[in-house]
Amino acid sequence: MSFELTEPYGYFSALDIGNDGYSWVFPAAGDAHSGNYSAVYNNSTTNSHGDWLFSRCFELTAGETYEYHSGTKQVQLQIIM
């Protein structure tokens, strides 16, 4: 799953906890690990930084390796069932 324009964005929702207008933006052009779009958290010096981005549940397969990318960090996860 990615944030490309062909993805169904109904699977994502954002919650602006501070109700300050600074929250998650998706799809956002740029900053993508692969492709052209990503989810970006817009912040300021006055917001509470307590916002959340929710996704639907993912169907994962035992023994597979999954990658999660956040900025310049890459994390590989292995699901053991």
Exercise. When region 6-18 is examined, which residues are found to be in a loop (DSSP other than H, G, I, E, B) and modelled with pLDDT of 80 or more?
Worked result: T6, D16, I17
Exercise. Can you tell me which residues in region 53-66 are surrounded by fewer than 10 Cβ atoms within 10 Å (Cβ to Cβ) and either at pLDDT below 80 or in a strand (DSSP E or B) (or both)?
Worked result: F58, T65
For this session: Any chance you could count how many residues in region 2-21 are in contact (Cβ under 8 Å) with a residue 24 or more places away in the chain and out of contact with any strand residue (DSSP E or B) (no Cβ under 8 Å at 6 or more places or on another chain)?
Result: 3
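The values are calculated or read from the model by the stated rules, or taken from the named source; none is laboratory data. On a predicted model such as this, the values are computed, not experimentally measured, just so you know. Ideal geometry is used to build each Cβ from the backbone, glycine not excepted, and the neighbour counts take in all protein chains shown.
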